[in-house]
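Working notes for the structure below.
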Amino acid sequence: MADEGKKITVECFRFDPDTDPQPSFRKYEVPFVRDSSVLDVLEYIYEELDPSLSYYASCRRGICGRCNIKVNGKARLSCGELVTGDLKLEPTRPGRVVRDLKVEDI
């Protein structure tokens, strides 16, 4: 359940190499929900604000590692990282971006 009226700002890396001349960041305001994961926030953005956002969401249990992104500058699994405040989300390997937070497999 959302903390009544509390919102966080999510600054999210955006880049589509097929159409964008260079990467940028887009800010979203989302409701703060106690005990939600970064993946929950990404799903909220996708479902409620911007269906063009691209990210990985595979096992949702911290096993596969596909949802690995930088959260406030540190590599984390988005499915297991709990949200405590504002977020800056980036791909872990920006030189290998497929689109937004999705990167090429090594």
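The values are calculated or read from the model by the stated rules, or taken from the named source; none is laboratory data. Just so it is clear, the model here is predicted, and its values are computed rather than measured. FYI the Cβ positions are ideal-geometry reconstructions off the backbone, even for glycines, and counts take in every protein chain you see.
Annotations for the structure displayed:
- The residue list 97, 30 contains one member that is of a type in the set (Val, Ile, Thr) and either loosely packed, with under 13 Cβ neighbours inside 10 Å or at pLDDT below 95 (or both), which is 97.
- Being part of a loop (DSSP other than H, G, I, E, B) and within 19 Å of residue 8 (Cα to Cα) is a description that applies to residue 53.
- Checked across segment 15-36, the condition of being touching a helix residue (DSSP H, G or I) at 6+ places or on another chain (Cβ under 6 Å) and aromatic (Phe, Trp, Tyr) holds for at least one residue.
- Pair list, Cβ < 9 Å and 6+ apart or interchain, from segment 72-94 residues that are without any contact (Cβ under 8 Å) to a residue 24 or more places away in the chain to residues that are of a type in the set (A, V, I, L, M, F, W, C) and loosely packed, with under 13 Cβ neighbours inside 10 Å: 93/106
- Count - residues of segment 74-106 that are under 27 Å from residue 6 (Cβ atoms), part of a loop (DSSP other than H, G, I, E, B) and in contact with a Lys or Arg (Cβ under 7 Å, 6 or more places away or on another chain): 2
- Considering only residues in segment 33-73 that are closer than 18 Å to residue 88 by Cβ and β-branched (Val, Ile, Thr), the one that is modelled with the lowest pLDDT turns out to be 69.
- Complete set of residues in segment 60-91 that are among the polar types (S, T, N, Q) and under 11 Å from the mean Cα position of the chain (by Cα): 68, 72, 78
- Matching residues, segment 19-41, being of a type outside the set (S, T, N, Q) and either free of Cβ contacts under 8 Å to residues at least 24 places away in the same chain or in contact with a Ser or Thr (Cβ under 6 Å, 6 or more places away or on another chain) (or both): 20, 21, 27, 28, 29, 30, 38, 39
- Hits in segment 7-29 (condition: farther than 14 Å from residue 101 by Cβ and either aliphatic (A, V, I, L, M) or in contact with a Pro (Cβ under 7 Å, 6 or more places away or on another chain) (or both)): 7, 8
- Every residue from segment 60-71 that is in contact (Cβ under 8 Å) with a residue 12 or more places away in the chain and either loosely packed, with under 13 Cβ neighbours inside 10 Å or assigned to a strand (DSSP E or B) (or both): 61, 65, 68, 69, 70, 71
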